[in-house]
Amino acid sequence: LSDLFGNQNSAAKSKFLPVDQAFQVVSSGKATSNGTRLSIAFEITPGHYVYKDKLTLNFPKGVSATPFTFSQSPVSIDDPTFGKVPVFTQKNVVATTTLTTNNGKGAKNVPVIIGWQGCAKAGLCYPPEKIKTTVNIATPRK
């Protein structure tokens, strides 16, 4: 029996990449005059896509984020799970937001959780992913 299951496993592995091979995600923060610009770069393997609306940020109270801007335009697909949704199929996509503190002061080592989800066009949706990072938030200059 283990041979049977082992063979099924290797067949599934050859069809679908592990999530960290299908998608490479890197975040970086840079101080700007308005706060700290947080960039999240996605490298998407051909045949895969990332949901625009599944990209989320979680951070402590007292921190605000501007809406994401994207380096690419999403395409609309008819997804089997979520219906008509915007997704990114491009090889490189960067999502950018600006983080600020509500009290106008800087903050060090602010915990930020980046949430996202992607799928393989061949029919596998990966579970939602989370990346934990810390960001230093710059004091906005007036």
Partners for residue 91 among aspartates and glutamates (Cα-Cα distance below 14 Å; same-chain residues under 8 apart left out): 43
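If each DSSP helix of 4+ residues adds -39,500 (n - 2.57) and the sum is divided by the residues in the chain, what number results at 222 nm, nearest 500 deg cm²/dmol? Can you show the working numbers first?
Numbers: 2 runs with 18 residues, N = 142.
Using -39500 (n - 2.57) per qualifying helix, the result is -3500 deg cm²/dmol.
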Return one number: the angle in degrees, 0 to 90 and rounded to the nearest 10, between the long axis of the Cα atoms of helix 2-15 and the longest principal axis of the Cα atoms of the chain. 50 degrees
Quick query: amide H of residue 16 versus all other amide H atoms, modeled in the peptide plane; which residues come in under 5 Å with a sequence gap of 5 or more or a different chain? none
Tell me, what ³J(HN,Hα) does each residue in the range 81-93 have, in order and in whole Hz, if you take phi through Karplus 6.51 cos²θ - 1.76 cosθ + 1.60 with θ = phi - 60° and put x for Gly and Pro? 8, 10, x, 6, 9, x, 9, 10, 10, 5, 5, 10, 9
Residue 77's amide H: which non-local residues (gap 5+, or another chain) put their own amide H closer than 5 Å, with H modeled 1.01 Å from N in plane and none for Pro or chain starts? 85, 87
Please go through the residue pairs 15/132; 30/105; 61/105; 84/132 and name each one whose alpha carbons sit more than 22 Å apart in this structure. 15/132; 84/132
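Provide the gained length on full extension for the span residue 30 to residue 92, in nm with one decimal, where the gain is 0.36 nm per separating residue minus the Cα-Cα distance. List each step's numbers first, then the result.
Values: separation 62, 0.36 × 62 = 22.32 nm, distance 1.95 nm.
Net length gain for the segment: 20.4 nm.
Note down the relative contact order for the range 30-142 as a percent, whole number, built from C-alpha pairs under 8 angstrom at least six residues apart. The partial results should precede the final answer.
Values: 254 pairs, mean separation 41.4, N = 113.
Reported as a whole number, the value is 37 percent.
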Which ³J(HN,Hα) values, rounded to whole Hz and listed in residue order, are derived for the range 22-33 from phi using the Karplus coefficients 6.51, -1.76 and 1.60 in 6.51 cos²θ - 1.76 cosθ + 1.60 with θ = phi - 60°, glycine and proline given as x? 6, 9, 10, 10, 10, 10, 8, x, 9, 5, 10, 6
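No value in this document is a laboratory result; all are computed from the given coordinates. Remember, it's a predicted structure, so these values are computed and weren't measured experimentally.
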